[in-house]
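Structure, as structure tokens:
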Amino acid sequence: MKKVTPIGHRKADHIRINLKEDVRSGLTTGLERYRFIHQALPEFDLAEVDTRLPLFGRTLQAPILISSMTGGTAEAGRINRHLALAAQELGVALGVGSQRAALEHPELAETFQVRDVAPDILLFANLGAVQLNYGYTVAHCRQAVEMIQADALILHLNPLQEALQPEGDTRFRGLLAKIEAVCQALEVPVIVKEVGWGISERVAHLLAEAGVAAIDVAGAGGTSWSQVEMHRAPTENQRLLAAAFRDWGIPTAESILAARRGAPHTPIFASGGLRTGIDIAKSIALGATLGGMAGPLLAPAAQSAEATHQTLARIIQELRVAMFAAGARDLKALQRTPLVPAS
């Protein structure tokens with residue numbers, strides 16, 4: 001029987017809390033403030049709607065990323081395989097959860113490895129960027145990529161979450177230069193993402209200057225990791241500290257616009273509270289390259305690959321119908337499609 005590591009306990013806590021507790025942000029995504037102008041005469045057939053997206057040497061069948069969620073426990077491994085099977089069948093991208101647990105405990109690597117069931121997907125490895133200030137190097141980043149045969153590496157930024165964890169890693173000084181060094185040395189693209197509080201215009205500019213291949217804004221409006229940490233807190237004072245940050249962050253719609261201003265030539269991934277294909281369509285119209293989702297897929301993935309497939313297929317069809325009704329035949333047209341303020 002495999003020993004459960006402290007990181008493994010934390011990962012198990014995260015899965016349990018996300019499935020059973022209300023961990024929504026006190027903010028909304030801001031996407032509800034926008035709507036498309038309905039086009040009653042699109043002048044093309046629904047079957048002609050083209051959602052394909054070339055990215056990092058592969059072609060996605062829809063501009064969707066199953067955002068990084070988990071890994072490091074047996075249940076997490078099962079969830080990752082269900083997500084990967086659905087991603088393979090539907091042609092979307094997948095990011096795994098932070099692989100630090102597997103780097104420090106190699107016996108956990110199999111909980112992240114999905115290439116055997118998803119040989120063709122765009123697959124992203126994942127490490128916490130702050131670990132570069134705790135002894136991690138380019139070699140560790142390369143090891144994470146090789147562990148799962150990934151096409152790119154996500155470095156995630158989560159200063160608020162780390163500050164709220166009793167065991168958190170909070171030394172963020174000098175991190176930008178180390179991210180830049182990884183971008184220069186690693187053989188695959190490097191994506192930097194937040195985990196649910198958004199990327200500002202300033203940070204997007206700094207990341208673009210550092211050479212990142214894409215920025216995932218992961219804005220506020222979906223899962224709030226301060227709420228997750230509130231449910232994990234071992235003392236009442238730590239619970240109250242985490243609870244105070246329920247309304248913190250940059251709403252996703254604002255963060256997309258801010259990141260686009262700060263990094264006008266860098267692909268922007270929109271995530272953070274996206275729940276439907278219409279949310280993805282709005283995000284792309286605001287300037288994103290694709291939309292990422294985690295929360296809406298966790299419960300189906302905990303159930304089965306079939307449930308995951310059904311949920312994801314519905315989201316893709318929502319996107320296709322939204323594009324059709326907005327008069328956008330392909331993603332380039334969708335990026336030029338105006339949004340108006342919702343009344």
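Only the coordinates and a few stated rules stand behind these numbers; no lab work does. Just so it is clear, the structure is predicted and the values come from calculations on it, not from any experiment. Neighbour counts are summed over all protein chains in view; Cβ atoms, including those assigned to glycine, are modelled from backbone coordinates with ideal geometry.
Using a Förster distance of 45 angstrom, determine the FRET efficiency expected from the C-beta separation of Tyr134 and Ala40, and round it to 0.05.
So, using R0 = 45 Å, E works out to roughly 0.20.
Taking the highest mean first, how do the peptides 241-252, 325-336, 214-225 order by number of other beta carbon atoms within 10 angstrom per residue?
Sorting 241-252, 325-336, 214-225 by mean packing, highest first, produces 214-225, 241-252, 325-336.
Based solely on its DSSP helices, what 222 nm [θ] is calculated for the chain when runs of n ≥ 4 H residues each add -39,500 (n - 2.57) and the sum is averaged over all residues, nearest 500 deg cm²/dmol?
The helix contribution divided over the chain gives -13000 deg cm²/dmol.
To two decimal places, what compactness ratio does the chain give when its Cα radius of gyration is scaled by 2.2 N^0.38 Å?
Normalised Cα radius of gyration, the chain: 0.94.
What percent antiparallel are the DSSP beta bridges of region 34-173, to the nearest 5? Mind showing how you got there, number by number?
Values: 3 of 12 bridges.
That works out to approximately 25 percent antiparallel.
How much FRET efficiency would the formula 1/(1 + (r/R0)^6) give for Glu146 and Arg58, where r is the Cβ-Cβ distance and R0 is 25 Å, rounded to 0.05?
0.90
Pull up the DSSP beta bridges for region 6-341 and report the antiparallel fraction as a percent, rounded to 5. Please report the intermediate quantities before stating the final value.
Details: 7 of 33 bridges.
Percentage antiparallel, nearest 5: 20.
On the first, second and third principal axes, largest extent first, how far apart are the outermost C-alpha atoms of region 29-112 in Å?
Result for region 29-112: principal-axis Cα extents of 57, 29, 22 Å.
In a GNM of the chain with a 10 Å cut-off on Cα contacts, which of Ala305, Ala294, Ala181 has the highest mean-square fluctuation?
So, out of Ala305, Ala294, Ala181, the one fluctuating most is Ala181.
Under a 10 Å cutoff between Cα atoms, tell me which one of Leu41, Leu286, Leu31 has the largest fluctuation in the Gaussian network model of the chain.
In this elastic network of the chain, the residue with the biggest mean-square fluctuation among Leu41, Leu286, Leu31 is Leu41.
Report the semi-axes of the equivalent ellipsoid for region 115-222 in whole Å, largest first, where each axis is √(5λ) for an eigenvalue λ of the Cα gyration tensor.
In descending order the semi-axes read 22, 16, 15 Å.
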